[in-house]
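The values are calculated or read from the model by the stated rules, or taken from the named source; none is laboratory data. Predicted model only: the values in this text are computed from it and were never measured. Neighbour counts run over all protein chains shown; Cβ positions are idealised from the backbone, glycine included.
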Amino acid sequence: MAELFAGVGGFRLGLEKAGWKVTWSNQWEPSTKTQHASECYERNFKSGIHTCEDIAKVADSLQNKDKKWVVPDFDLLVGGFPCQDYSVAKTASQAAGIHGKKGVLWWEIRRFLELKRPPYFFLENVDRLLKSPTSQRGRDFAIMLATVSELGYSVEWRVVNAADYGFPQKRRRVYIVGVHKSKLKKGEFQGKSWILSEGVIASALPVSQFSGDESPAFKLESDIVKLSDSFARGFKLSPFLNAGVMQGGEVWTYSVVPKFRGKSVNLEDILIPEKDVPDEYFVEAGQISTWKYLKGAKREERTNPGGGKYFYTEGAIPFPDHTDTPARTILTGEGGSTPSRFKHIIMTPSGRYRRLTPVELERLNGFPDNWTKGMPDGRRAFMMGNALVVGVVAKIGKSLKSFAEKRN
Ligand SMILES: C[S@@+](CC[C@H](N)C(=O)[O-])C[C@H]1O[C@@H](n2cnc3c(N)ncnc32)[C@H](O)[C@@H]1O
């Protein structure tokens with residue numbers, strides 16, 4: 001397989017557990033000079049070719065055949081592409097070329113699929129992807145589906161909260177699996193039974209149906225510019241529900257609920273002993289009230305830059321965090337001692353407040369302890385905020401592996 005947007009290698013960790021082998025990977029962070037993620041990736045993984053370069057430049061090179069970058073062939077393309085970048089709309093003025101907005105990394109994935117033609121792909125992103133943008137709910141995902149359909153892929157997707165399947169973090173992400181028609185048997189990758197039981201994702205992460213009927217929900221317009229202009233205009237909600245499958249532009253989509261009978265793992269199960277927590281992770285007494293304020297419910301009169309008054313309101317979130325449930329989602333801003341509404345704070349057995357350590361954040365995503373050691377702690381937390389729950393990827397990867405093995 002080839003891994004794009006590799007970060008610190010969450011996809012690879014999961015997929016190697018499932019028996020996949022990485023031949024080529026890419027990770028490049030545009031906003032920093034030091035390439036912490038790429039360095040971490042290379043330190044932990046010794047096999048395969050790793051490249052640290054803007055993926056757009058690599059794709060240009062493949063397209064121009066200038067041999068500056070050579071990417072070996074692969075069966076599976078994977079990646080969690082940066083989530084701020086899924087605004088993929090094409091406007092009429094961009095219609096001449098196949099690519100959409102410049103700098104939008106989805107189009108690099110599409111270029112890789114077109115140039116390398118792997119039989120399978122497996123992508124991950126925030127679940128908002130199914131609902132963006134607000135003016136045309138679901139349009140961006142519709143364009144992604146239509147572009148891969150054009151290349152001959154059928155696709156299934158599912159929004160999975162890792163905690164629903166026994167992982168210690170409530171992390172809700174959309175997982176997207178594509179298979180080229182050359183690998184499909186008649187009747188596969190379509191209909192309700194694919195989503196509910198037969199599909200690659202349903203076999204890995206069982207569900208029961210919540211709503212929906214037998215017929216395809218809708219057919220996507222194949223002209224991408226028209227689709228960009230018209231999809232879901234005037235809709236309040238996205239037509240894409242939390243599970244679905246697309247073949248030849250036809251979309252079946254249902255709301256499903258997870259079916260899991262295993263043991264759940266909670267935040268308390270992954271904590272390190274209090275005696276091993278460095279001092280800097282304990283909250284200073286003088287800051288406790290700020291943390292409480294930020295996490296508390298509020299309704300405050302504020303003034304906007306134009307001088308107008310408005311009420312700012314938000315509800316309370318637990319302070320300290322519950323440890324007898326899975327953790328909340330780790331965000332990229334989880335590191336550092338500055339008080340914040342979104343960082344986790346727990347109460348220790350001796351009654352002190354503390355933040356989570358880098359190793360605990362790694363455990364919440366299922367990475368081995370000290371995977372990101374060697375970079376500043378704030379960056380370690382950032383990497384885990386960007387990464388994914390390795391065990392979810394491993395389960396889907398295993399199911400995809402057995403699907404692929406039956407076709408070789
Ligand atoms: C959501 S993160 C993926 C994290 C990864 N799945 C993991 O387990 O760590 C997206 C990654 O894409 C990288 N990235 C952003 N722009 C890029 C570009 N132009 N070329 C290559 N990589 C890029 C970011 O540095 C980031 O690590």
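Of note:
- From the options 166, 152, 138, residue that is away from the ligand (no atom under 16 Å from the Cβ), touching a Ser or Thr at 6+ places or on another chain (Cβ under 8 Å) and at pLDDT below 95: 138
- In summary, residue 218 fulfils each of the numbered conditions (1) touching a residue at least 40 places away in the same chain (Cβ under 8 Å); (2) of a type in the set (A, V, I, L, M, F, W, C); (3) within 24 Å of residue 255 (Cβ to Cβ) with the single exception of condition (1).
- Odd one out for residue 189, checked against (1) on the phi < 0 side of the Ramachandran plot; (2) surrounded by 23 or more Cβ atoms within 10 Å (Cβ to Cβ); (3) more than 17 Å from the chain's Cα centre (by Cα): (1)
- Look at region 115-131: where a residue is aliphatic (A, V, I, L, M) and crowded, with 20+ Cβ neighbours inside 10 Å and a partner is assigned to a helix (DSSP H, G or I) and modelled with pLDDT under 95, sitting 6+ places away or on another chain with Cβ atoms under 6 Å, you get 129/141; 130/141.
- Qualifying residue in region 181-192 (condition: touching a residue at least 40 places away in the same chain (Cβ under 8 Å), within 14 Å of residue 242 (Cα to Cα) and outside any strand (DSSP E or B)): yes
- Residue match in region 370-390 (condition: among the polar types (S, T, N, Q), surrounded by 24 or more Cβ atoms within 10 Å (Cβ to Cβ) and in contact (Cβ under 8 Å) with a residue 40 or more places away in the chain): yes
- Residue in region 142-162 that is farther than 28 Å from residue 222 by Cβ, buried (at least 22 other Cβ atoms within 10 Å of the Cβ) and assigned by TED's automatic domain parsing to the domain that holds residue 205 present: yes
- Any hit, region 302-323, residues being outside any strand (DSSP E or B), in contact (Cβ under 8 Å) with a residue 24 or more places away in the chain and touching a Ser or Thr at 6+ places or on another chain (Cβ under 8 Å): no
- All positions within region 234-254 that are closer than 16 Å to residue 160 by Cα, touching a Gly at 6+ places or on another chain (Cβ under 7 Å) and of a type outside the set (A, V, I, L, M): 240, 253, 254
- Scan of region 249-284 for residues that are in a loop (DSSP other than H, G, I, E, B) and either of a type in the set (S, T, N, Q) or under 25 Å from the mean Cα position of the chain (by Cα) (or both), ordered by number: 249, 259, 260, 261, 262, 263, 264, 265, 266, 271
- Any hit, region 335-354, residues being under 30 Å from residue 199 (Cβ atoms), of a type in the set (Gly, Ala, Ser), modelled with pLDDT of 95 or more and surrounded by 19 or more Cβ atoms within 10 Å (Cβ to Cβ): no
- Pair list, Cβ under 7 Å, 6 or more apart: region 273-292 residue in contact (Cβ under 8 Å) with a residue 12 or more places away in the chain, other residue surrounded by fewer than 14 Cβ atoms within 10 Å (Cβ to Cβ): 274/349; 274/350
- For residue 395: the one exception among (1) surrounded by fewer than 19 Cβ atoms within 10 Å (Cβ to Cβ); (2) over 24 Å from residue 320 (Cβ atoms): (1)
- Lone unmet requirement of (1) over 17 Å from residue 81 (Cα atoms); (2) touching a Ser or Thr at 6+ places or on another chain (Cβ under 6 Å) for residue 49: (2)
- Subset of region 363-408 [within 11 Å of the ligand (Cβ to nearest atom) and in a helix (DSSP H, G or I)]: 365, 382, 383, 384, 385, 386, 390, 393
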